[in-house]
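The next block holds one structure in the form of C-alpha cells; read it before the comments.
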Amino acid sequence: MSARDLQNPQTTSKETDWQGLIHAYRPYLPVSDTTPVVTLLEGNTPLIPVPSIAAEIGKQVEVFVKYDGLNPTGSFKDRGMTMAVSKAKEAGAQAVICASTGNTSAAAAAYAARGGLQAFVLIPDGYVALGKLAQALLYGAQVMAIQGNFDACFQIVREMADRYPVTLVNSVNPYRLEGQKTSAFEIVDRLGEAPDWLCIPVGNAGNISAYWMGFCQYHAAGRCQRLPKMMGFQAKGSAPMVLGETVSNPQTIATAIRIGNPANRKSAIATAEASQGEFNAVSDEEILAAYRMLAREEGIFCEPASAASIAGLMQQKDRIPTGAKVVCVLTGNGLKDPDTAIAHNQTKFQKGVDPTVEAVAQQMGF
Ligand code: F0G
C-alpha cells in the first residue's frame, strides 16, 4: 500500500473495497436493483499456492488451494446463502429450512439472522461437527437433530417446503448454485485463466456443478480460453457418484460429505462428462493424511471433507500433465471440527508439565 493509500482509505485496493459477491458479480447473477441484498461480505477468498503439495507430485506443476473456509461462517455455503436468502427475502419469505451435515445449517442460520428471517435446520443426530452445531445454535436457528442420516433429513425438508410456508435453501434451490459459481470467477480473475484441473470434494453434488457453471459462463464471456477438467472426490464409504448407485448407510470421518443419495446427482454427472472429468473415491486414511499434510507442510487448516480434494490430487498425481495448474477447493475451515483435529494429529502433546522453566526446558530437550 502506498503512503497515499494510507492517508486516504478511499483509494485502497479492490480487496479492501469488497462489498460481497453479489455486488462484485452482479451482471452474472439473477438479481435486480430491487433485490434486498443480504450479505456478510462473503467471497473474495484467497487462492493460496501450496508448493509443498506440488513438490509431492514429483513433476513440474503448480498447485493452489481456494481457501473458502475463510468465508464469514467458515465455508463455501456463504456464497450460495447470500443469494438464496436475498432471493427468499425478495419473494417475501419469512422462514428458510434446510437439511444439513453442518455447514449449510450454519450459513442458513447466519444469513437468515442477517436478513431477519427465521431458520429451521434438520441435522443427522450425532454426525455434525461441534463448531457447526455451535454456529447454528448461536445464530438462532431452530435446530432439530433427526434420528437418521442427511438423506433422511433432506427428504423431510423437501416435503416441509412443499407443504408449509418455508423456503428450501439446500442446493436444489437454484440460487444457491448461482452464488457458489462465483468462486470459479474469482479463480479465473486471479490466475488470468482457468486451471487445468479443479479438484473438489463431493457430497450432495451441488458445488461441482456450480463451479462448472461459473467456468462455462466466464468462458462464454471471453474471460478464459479453456475449461478445467472437473475432478470430484468422495469418501470411500460414502461414494454414490463413484459407484453409480445410492449408498443406504454412508460412513466416513468426513461428516460434511456423509451423503448416500446426492440431490444434484444428474447435473454432477453432466459436469464430469462435459469437462472430461471424473469422480473418484478416497479412503478416510487418505483424507486424514492430506488433512495433516496441509496443516503441517503449508500451515493451512481445513476440515476433513475439504482435505478430500488434496487426497484426491495425491491419489491421481501420476495422471496430471506436466506444467499443469491445479486448484483444490478447500470448502470448509478446520476450526469447524476441533474433535477430529485433536483425535487425529501426530504431534507430541505434553500434558501435566510442571510450571517451571526447568521442566519446560527438559520437555523441549535442552
Ligand atoms: N465440503 C464441505 C465442507 C461441505 O460442507 C460440503 C457439503 C461439501 C464439501 C460437499 O458439497 O454437497 O455441494 O457436493 N455440505 C452440505 C451441508 C451437505 O449440509 O453442509 P456438495
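The values are calculated or read from the model by the stated rules, or taken from the named source; none is laboratory data. In this text, all values refer to a predicted model and were calculated from it rather than measured experimentally. Positions of Cβ are backbone-derived with ideal geometry, glycine not excepted, and every protein chain shown enters the neighbour counts. Heads up: the accessible areas ignore ligands, DNA and RNA and are worked out on the full protein's heavy atoms, side chains in. Shrake-Rupley method; radii C 1.70, N 1.55, O 1.52, S 1.80 Å.
Values for this structure:
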quantity: Members of the stretch 92-125 found to be assigned to a loop (DSSP other than H, G, I, E, B) and either on the phi > 0 side of the Ramachandran plot or among the hydrophobic types (A, V, I, L, M, F, W, C) (or both), listed by number; calculated: 92, 93, 102, 116, 117
quantity: Checking residue 94 against (1) open to solvent by less than 20 Å² (accessible area, probe 1.4 Å); (2) more than 19 Å from the chain's Cα centre (by Cα); (3) among the polar types (S, T, N, Q), the condition it does not meet; calculated: (1)
quantity: Every pair of residues 6+ apart whose Cβ atoms lie under 7 Å, when the first sits in the stretch 238-252 and is touching a residue at least 60 places away in the same chain (Cβ under 8 Å) while the second is β-branched (Val, Ile, Thr) and open to solvent by less than 60 Å² (accessible area, probe 1.4 Å); calculated: 250/259
quantity: From 128, 121, 143, 172, residue being at pLDDT 95 or above, in contact with a Leu (Cβ under 8 Å, 6 or more places away or on another chain) and of a type outside the set (Phe, Trp, Tyr); calculated: 143
quantity: Residue check, residue 155 within 20 Å of residue 95 (Cβ to Cβ) and either in a loop (DSSP other than H, G, I, E, B) or open to solvent by less than 40 Å² (accessible area, probe 1.4 Å) (or both); calculated: no
quantity: When residues of the stretch 297-308 are limited to those that are open to solvent by 30 Å² or more (accessible area, probe 1.4 Å) and in contact (Cβ under 8 Å) with a residue 24 or more places away in the chain, the one farthest from residue 209 (Cα to Cα); calculated: 297
quantity: In the stretch 222-256, the residues that are touching a Pro at 6+ places or on another chain (Cβ under 7 Å) and either open to solvent by 10 Å² or more (accessible area, probe 1.4 Å) or at pLDDT below 95 (or both); calculated: 237, 241, 246, 247, 253
quantity: Single residue of 145, 108 found to be open to solvent by 40 Å² or more (accessible area, probe 1.4 Å), among the small types (Gly, Ala, Ser), within 14 Å of the ligand (Cβ to nearest atom) and touching a strand residue (DSSP E or B) at 6+ places or on another chain (Cβ under 7 Å); calculated: 145
quantity: Selection from the stretch 190-209 of residues that are at positive phi and within 16 Å of the ligand (Cβ to nearest atom); calculated: 205
quantity: Residues (of a type in the set (Val, Ile, Thr), surrounded by 24 or more Cβ atoms within 10 Å (Cβ to Cβ) and either part of a helix (DSSP H, G or I) or within 16 Å of the ligand (Cβ to nearest atom) (or both)) located in the stretch 54-91; calculated: 65, 73, 82, 85
quantity: All positions within the stretch 351-366 that are surrounded by fewer than 10 Cβ atoms within 10 Å (Cβ to Cβ), at negative phi and either in a helix (DSSP H, G or I) or not β-branched (Val, Ile, Thr) (or both); calculated: 351, 355, 357, 358, 364, 366
quantity: Residue list for the stretch 194-215, filter: in contact (Cβ under 8 Å) with a residue 40 or more places away in the chain and open to solvent by 40 Å² or more (accessible area, probe 1.4 Å); calculated: 196
quantity: Residue in the stretch 173-193 that is more than 27 Å from residue 321 (Cα to Cα) and outside any helix (DSSP H, G or I) present; calculated: yes
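Conditions tested, residue by residue: (1) closer than 30 Å to residue 321 by Cβ; (2) modelled with pLDDT under 95.
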site	(1), (2)
9	no, yes
27	no, no
34	no, no
60	yes, no
63	yes, no
